[in-house]
1. Provide the per-residue ³J(HN,Hα) series for the stretch 29-39, in order, calculated from phi with Karplus coefficients 6.51, -1.76, 1.60 and θ = phi - 60°, each as a whole number of Hz, with x at glycine and proline positions.
2. Name the lysines eligible as straight-distance cross-link partners of Lys24: C-alpha to C-alpha under 19 Å, and not fewer than 8 places from it in the same chain.
3. Tell me the per residue accessible area of the stretch 271-361 using a 1.4 Å probe; a whole number in Å² is fine.
4. Based on the mean of other Cβ atoms within 10 Å per residue, sort peptides 263-275, 208-220 so the most packed one is first.
5. What are the residues whose amide H is under 5 Å from the amide H of Trp223, where those residues sit 5 or more places off or on another chain and H is modelled from the backbone?
6. Where the accessible area of the stretch 130-288 is counted over protein heavy atoms with a 1.4 Å probe, how much of it, in %, is carbon and sulfur?
7. Would you mind checking the radius of gyration and Dmax of the stretch 11-66 based on alpha-carbon positions, in Å?
8. Taking H as built 1.01 Å from N, whose amide H comes closer than 5 Å to the amide H of Thr155, not counting residues under 5 places away?
Amino acid sequence: MITVMNQAPLKLFDTYTREIREFKPLEGNQVRVYCCGPTVYNYAHIGNLRTYLFEDQLRRVLEYNGYDVEHVMNITDVGHLTSDADTGEDKMELGAKRMGKSAWEIADEYTEAFKADLAALNIKMPSIWCKATDHIPEQIQFIEELEAKGFTYATNDGIYFDSQKLDSYGHLARLDIEGLRAGARVEPGARRFVTDFALWKFSPEGETRQMEWESPWGVGFPWLAYRECSAMSAKYLGDYFDIHCGGEDHIPIHHTNEIAQTEAARGTRLANFWMHGYFLQLDSAKMSKSTGEFLRLASLSERHIDPMVYRYFCLTAHYRTQMSFSWESLEANATALNRLYKTAFEWGKPGEVIESVKQAVLSEVNEDLNFPKALAQIWDMVRSDADPADKKATLLELDAMFGLEDWGLAASRGVCTRRCDEPWSRRARPRAKTKDYEAADRLRDEVLALGFVIEDTREGPKVVPA
Ligand code: AMP
Ligand code: ZN
């Protein structure tokens, strides 16, 4: 555990109360966090990844404040619709058809691809991953509890949650229930009210789905991620835990319904803090997995943009503001980050942490994760005339929160890693080709003065400790 002196208290915005509140764990030093994970019928787009980066920033700040974080993330691998209105096809089965594979196979493939994206962005892996299809009995039991308490009804296509039975329904999103009621139409055989939602769907008659299970209500499948999240978060974190996260689109439906189910079944609002990351906008339109065309981390790599540049780019906007994507701003951020890596490399070995900078950065991140301002503090330090060795030590220390990684590794292990090596190797490459031996020697001397040598390897020149 890191001991931090005189630090500003950690404050976080809670969507449920619409307030920035001081954060204290519910129990001891442990913070239990649940993050809604991906629907694995396609790759994650960079918008999705912005939300996971925000959650990683949160986790790192909690850890830096000395808390132990229990971080749970689900994988939705069944029962997610192409529309939010309980209609349309199941995204998993649709994705499988598109790829000519089984729903199980594509779920595994996209889960692995998702984990690889997180790793490339230096996002800390959750302590527990939970797959919806591994928790069918828990979900059935949850629906049985809701049924026993009178919160469900059956229609011709499934078992539904009766949202009108719960007075507090819609509080998270401040839904105007009376207004909705005034405009409501009742269709025979269908759900009774517009905010009611399916918990269990019956398999269509005469059709065998790839993913279906026996249940007290007949063969079918669990429907929509909300129910899965209530059942799984309760299993791993209890009925009331510290923080629940997701993207802003989760406020009106997904998280509203998670709260409704848990309130109805267990009597709690599920989490003490509800936190939401705002969207990345591309050409002012939302990026959507279901529309097919979208930018992935791999799309950035095709343009030789390192995933870590995307991490840095996301740090430049507050998580509670929408952010516009453009190649120009990404490229400007690549230049800034490379400058930071190169400068930090040139600072050589670390000295002492500059306490005033550390406190300044901490007070920014502890004020509802204000990373853009924290980053500005870092740049102020870079430009200051403080001792370079102390600047290096301070960067290393604070990188536990920024997660830009490589200057950290470079100094702590005394090695020059890929990223700080990059600017030097790039300079070495053309010289090797043009056989400009004099320039190459000068470069070697410069690097040697910093305690490293340039080695020629099969992949090209590499900078390694002398
Ligand atoms: P999905 O896999 O579609 O359930 O989305 C995974 C996560 O990404 C959820 O937390 C969403 O709220 C979030 N998300 C979806 N689109 C965006 C976007 N354009 N920007 C930021 N987060 C997003
Ligand atoms: Zn969820």
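1. 9, 8, 10, 9, 10, 10, 10, 5, x, x, 8
2. The qualifying lysines are Lys11.
3. Working: 4110 Å² over 91 residues.
Using a 1.4 Å probe on heavy atoms only, each residue of the stretch 271-361 averages 45 Å².
4. Details: 263-275: 20.4, 208-220: 15.2.
Ranking the peptides 263-275, 208-220 by packing returns 263-275, 208-220.
5. The answer is Trp200, Lys201.
6. 49
7. That works out to 13.7, 39 Å for Rg and Dmax.
8. Close amide H contacts, sequence-distant or interchain: Tyr160.
The values are calculated or read from the model by the stated rules, or taken from the named source; none is laboratory data. Just so we're clear, the structure is a prediction, and the values are computed from it rather than from any experiment. Ideal geometry is used to build each Cβ from the backbone, glycine not excepted, and the neighbour counts take in all protein chains shown. Remember, those area values only see protein heavy atoms, side chains included, never the ligands or the DNA or RNA. Shrake-Rupley method; radii C 1.70, N 1.55, O 1.52, S 1.80 Å.
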